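Take a look at the structure below.
The values are calculated or read from the model by the stated rules, or taken from the named source; none is laboratory data. As the structure is a prediction and not an experimental result, all values here were calculated from the model. Virtual Cβ from ideal backbone geometry, glycine too; neighbours counted across all protein chains shown.
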Ligand code: DAH
């Protein structure tokens with residue numbers, strides 16, 4: 001086979017490889033096959049010495065023109081592939097600059113805050129005052145003034161976080177009853193929402209930190225009928241629907257008589273779930289008539305005044321209201337939870 005034919009076959013083969021090349025790597029492979037240091041055309045150049053001068057000149061010219069042609073085509077093919085790759089990238093990374101911006105996501109109030117504000121509004125509309133009290137309390141306000149003396153078994157009912165100085169994190173909002181009466185005197189209609197703390201094992205229905213809302217009305221002739229009226233008004237306002245309730249006698253040193261007002265669990269409709277500890281009922285509203293001893297401790301004459309009181313579990317109420325089955329979510333700060341409200 002003569003050299004001319006070999007060269008033109010190589011030429012044709014590489015042209016066809018270039019035509020088929022769909023990647024830069026394929027183009028490079030074709031380039032190396034023809035023009036690389038050990039490429040087919042380079043090998044031919046090496047055999048020049050053996051040719052007659054005329055032949056050498058002719059073949060040399062042919063070889064050069066083929067090389068130049070291939071170089072130009074390789075460059076063109078590379079450029080075409082690069083620009084196609086760029087086009088594809090621009091297509092896939094395309095940004096619509098005219099699309100409306102998503103805008104800031106508005107925040108929302110914590111579900112407990114929402115429930116708290118709603119109840120505050122309700123009671124304010126009925127003439128109640130909203131009071132606040134310290135979260136770090138004295139033993140006197142948290143226990144003694146509420147008729148829970150040091151040796152009283154009721155102290156064991158509430159696992160207390162004690163401070164080194166003898167004070168404590170209030171275990172309930174009831175101390176505000178005494179503080180309110182001392183400050184404002186009777187007649188008094190007050191509520192006191194706030195945090196309470198207990199040193200207990202955390203599980204789906206227990207937190208060490210939770211919200212309560214204390215309520216108290218002290219006047220000349222307050223009866224259980226008043227209590228029931230306000231509790232019914234409260235519950236129907238909160239749940240915007242009929243709830244099933246039951247009243248049981250309950251013992252709390254600061255009320256006499258004392259009651260447990262339970263509501264049928266709204267999460268499982270009474271069937272039993274972790275929130276109601278499988279009982280179908282949730283203790284929501286302990287209440288009763290204010291124990292005369294508490295009035296005396298607050299500087300109020302029980303011969304002249306009496307009252308009712310209740311302690312609403314605000315966090316538990318929010319769970320019922322929104323169907324949350326794990327109390328720990330409220331303090332989690334988890335935005336996936338909080339954004340639902
Ligand atoms: N302080 C009680 C507790 O946290 C709840 C309570 C019960 C409050 C009866 C009251 C009441 O005002 O009358 O367990």
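Restricting region 30-56 to residues that are part of a loop (DSSP other than H, G, I, E, B) and modelled with pLDDT of 85 or more, the residue that is surrounded by the fewest Cβ atoms within 10 Å (Cβ to Cβ) is 37. Among the conditions (1) out of contact with any strand residue (DSSP E or B) (no Cβ under 7 Å at 6 or more places or on another chain); (2) surrounded by 13 or more Cβ atoms within 10 Å (Cβ to Cβ); (3) assigned to a loop (DSSP other than H, G, I, E, B), the only one that residue 252 does not satisfy is (1).
Right, residue 156: more than 30 Å from residue 236 (Cα to Cα), part of a helix (DSSP H, G or I) and either away from the ligand (no atom under 16 Å from the Cβ) or modelled with pLDDT of 90 or more (or both) or not? Against the criterion (more than 30 Å from residue 236 (Cα to Cα), part of a helix (DSSP H, G or I) and either away from the ligand (no atom under 16 Å from the Cβ) or modelled with pLDDT of 90 or more (or both)), residue 156 does not qualify.
Residue-level analysis places residue 231 among those that are surrounded by fewer than 22 Cβ atoms within 10 Å (Cβ to Cβ), in contact (Cβ under 8 Å) with a residue 24 or more places away in the chain and either outside the structural domain of residue 173 (by TED's automatic domain parsing) or within 16 Å of the ligand (Cβ to nearest atom) (or both).
Okay, residues lined up against (1) in a helix (DSSP H, G or I); (2) modelled with pLDDT under 90:
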residue	(1), (2)
58	yes, yes
62	yes, yes
77	yes, no
81	yes, no
104	no, yes
107	no, yes
114	yes, no
121	yes, no
124	yes, no
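The single residue among 185, 166, 215, 133 that is farther than 20 Å from residue 251 by Cα, within 13 Å of the ligand (Cβ to nearest atom) and either within 34 Å of the chain's Cα centre (by Cα) or touching a residue at least 24 places away in the same chain (Cβ under 8 Å) (or both) turns out to be 133.
Test residue 284 against the criterion of being in the same structural domain as residue 146 (by TED's automatic domain parsing) and under 26 Å from the mean Cα position of the chain (by Cα), and give yes or no. For residue 284, the condition - in the same structural domain as residue 146 (by TED's automatic domain parsing) and under 26 Å from the mean Cα position of the chain (by Cα) - is met.
Only one of the numbered conditions (1) touching a helix residue (DSSP H, G or I) at 6+ places or on another chain (Cβ under 9 Å); (2) over 30 Å from residue 15 (Cα atoms) is not met by residue 67, and that is (2).
Taking into account only those residues within region 322-341 that are in a loop (DSSP other than H, G, I, E, B) and over 29 Å from residue 236 (Cα atoms), which is farthest from the ligand (Cβ to nearest atom)? Once the filter is applied, the top-ranked residue is 334. Would you be able to say whether some residue in region 256-264 is at pLDDT below 90 and either more than 16 Å from the ligand (Cβ to nearest atom) or not in a strand (DSSP E or B) (or both)? Yes, region 256-264 contains a residue that is at pLDDT below 90 and either more than 16 Å from the ligand (Cβ to nearest atom) or not in a strand (DSSP E or B) (or both).
Residues considered: 198, 248, 220. Of these, the only one that is assigned by TED's automatic domain parsing to the domain that holds residue 115, within 16 Å of the ligand (Cβ to nearest atom) and within 27 Å of residue 133 (Cβ to Cβ) is 198. Restricting attention to region 265-282 and to residues that are in contact with a helix residue (DSSP H, G or I) (Cβ under 9 Å, 6 or more places away or on another chain) and part of a loop (DSSP other than H, G, I, E, B), the residue that is nearest to residue 327 (Cα to Cα) turns out to be 275.
Report, ordered by the first and then the second residue, all pairs with beta carbons closer than 8 Å, sequence separation of six or more or different chains, a first member in region 45-62 that is under 17 Å from residue 5 (Cβ atoms), and a second member that is at pLDDT 85 or above and loosely packed, with under 13 Cβ neighbours inside 10 Å. These pairs meet every condition: 59/4; 62/4.
Counting the residues of region 234-247 that are touching a strand residue (DSSP E or B) at 6+ places or on another chain (Cβ under 6 Å) and surrounded by 14 or more Cβ atoms within 10 Å (Cβ to Cβ) gives 3. Residues in region 283-321 that are within 15 Å of the ligand (Cβ to nearest atom), in contact (Cβ under 8 Å) with a residue 40 or more places away in the chain and not in a strand (DSSP E or B): 291, 293, 294, 295, 297, 298, 314, 315, 316, 317. Return yes when residue 179 is in the same structural domain as residue 238 (by TED's automatic domain parsing), within 15 Å of the ligand (Cβ to nearest atom), at pLDDT below 95 and more than 31 Å from the chain's Cα centre (by Cα) and no when it is not. So residue 179 fails the test.
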